[in-house]
Each structure stands twice: as structure tokens, then as C-alpha cells.
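We did not get these values from a lab; they are worked out from the coordinates using the rules stated. Just so it is clear, the model here is predicted, and its values are computed rather than measured. Backbone-built Cβ (ideal geometry, glycine too); neighbour counts: all protein chains shown.
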Amino acid sequence: MKKTSLHALPETKLAKLQTLQVGNDCAIHSIVAAIELLTDLKLDTKDIIDETNRLWWRGRFFRLAPNSGITPPLQIRLVRYLAQKHNLPISAKCLHLSPEILRATAESENLVSLVTIYWWFGHSPAIYYGDHPKNYNPPKGANGHTMLFAAYDPGHTNGDMHTPWGFINSWINAGTGLFWMEDATFRKAWGIPIPRWGKNAAVIISLENGNRLETI
């Protein structure tokens, strides 16, 4: 399998799109990075966090509750809202992809994929930064986490770990590296079946190309 990355950019360039989350806002950070990559527009994550919390009380739901999680269906709703508000030529939909098709999306110039992984109590999947051997996701309670798929590198390692899956992740401001996962670990965490939206859900954000949206 060949090495791929979004827009064929090196890891250091993709890493600059990362912003550090403070609360339960990983999906918003991922959406902001996706929009910047596709349109060059840099939105303010704090503004969007505050707005989604405020709108929830007005009956416009872009998250489960104020300061709470944003599921894949709500991610789509938020992307569409931001596209309309800022007149952005983007669209969003949810697909259930195989890891092989997800890997191929990195070769596209006009779309990106948000993935949400899940884990049960005491079984958090290991996630590594750059080429460091330290696990940045130590065991903790059941949770979910959204990241922007950014690269696949069959030769990438973190210490003795073979970690081919690379993500733009909201655990650092910029930095010089992406966050990486082992193949089996990523497949397991992404493949947990969640009621109502299933397993291997990917929110595909597409950039309009004339009157045509690129599809997969």
C-alpha cells in the first residue's frame, strides 16, 4: 500500500491545522480544520463553540446538549449551517466506509473525512503523536472522539508500534506532527457499532467543483 496524505501535503504542513480543544469540542475543531483545508477560510473554534451552545437553548441543535458531544449526524447539520452562514461551497454527508476506501479518500483534492472512534471503560485505543512512543490516550472511561483523517503511511512507526493511520487531532496547537494509530486498534475503535448510526461512520465534507460535488 502506498503512502498518501491530504492534498499530498507533508505531515508538518497538515499538523499546522491542529488546534487544542479545552472541552468536549473535538468535532468542532475537526470541522474547522476541514473547512480551512478545503476553502482556506480559518474559522474561530471558540466562536462556534459559543454559538452552538447558545443556539441549543433556542431549539437549534448542533450538539447533544450545551458543552456536550456532537454525533456524526449533528456534525453534518453543523457543517451545513456553517456553509450557509459563511457562503462556503461545501456539502456534507455520512457514509459507512471500509478502511480501504477511507484510506483512498486521502488522494482526493476535493473532500475530507471526519471519523469518530469509540471505546468502552478501560479500553481506550492508543493514539501517538508524531514519532513519539508515548500513548497520548491512556485508559479512562467510555468515550468517543472525532478526528480528521489526514494520512496513511505504511512505514510510519511510534517506537516499536507500526502506526499507519494519521489524523489531524485537537490535542495540540499546531505542532510538527500528526496523531497516529495502529491498524488493528483503529479498525476496532472505528468499527464499534453505535445505535442509530452504525459502525465505520465517516462524515464526508466535499468541496464543490463547478456544479458538481465530488463523490465516493
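Per-residue ellipticity at 222 nm from helix content only, as computed over the chain with -39500 (n - 2.57) for each DSSP H run of at least four residues, stands at -8000 deg cm²/dmol. Packing, as the average of other Cβ atoms within 10 Å across residues, places the peptides 35-42, 67-74 in the order 67-74, 35-42, highest first. Here the dipole of the range 1-101 is about 220 debye; that uses its Cα centre as origin and unit charges on the Cβ of Lys and Arg (positive) and Asp and Glu (negative).
In the distance distribution for the chain, Cα-Cα pairs more than 25 Å apart total 33 percent.
Cβ crowding within 10 Å ranks S98, S108, S124 as S98, S108, S124, fewest other Cβ atoms first.
Take the Cβ-Cβ distance between D50 and E208 as r, set R0 to 30 Å, and report the resulting FRET efficiency rounded to the nearest 0.05. Computed FRET efficiency for D50 and E208: 0.60. When each of Y118, Y81 is scored by the number of other beta-carbon atoms lying within 10 Å, the sequence from fewest to most is Y81, Y118. The distance between label points at K13 and L41 comes to 2.2 nm (points 7 Å beyond Cα on the Cα→Cβ vector). Across the chain, the mean sequence separation of Cα contacts (distance under 8 Å, 6 or more residues apart), normalised by length, yields a relative contact order of 29 percent.
Of the peptides 55-66, 172-183, the ranking by mean beta-carbon count within 10 Å, highest at the top, reads 172-183, 55-66. Cα centroids of the range 78-146 and the range 182-198: how far apart, whole angstrom? Rounded to whole Å, the Cα centres lie 11 Å apart.
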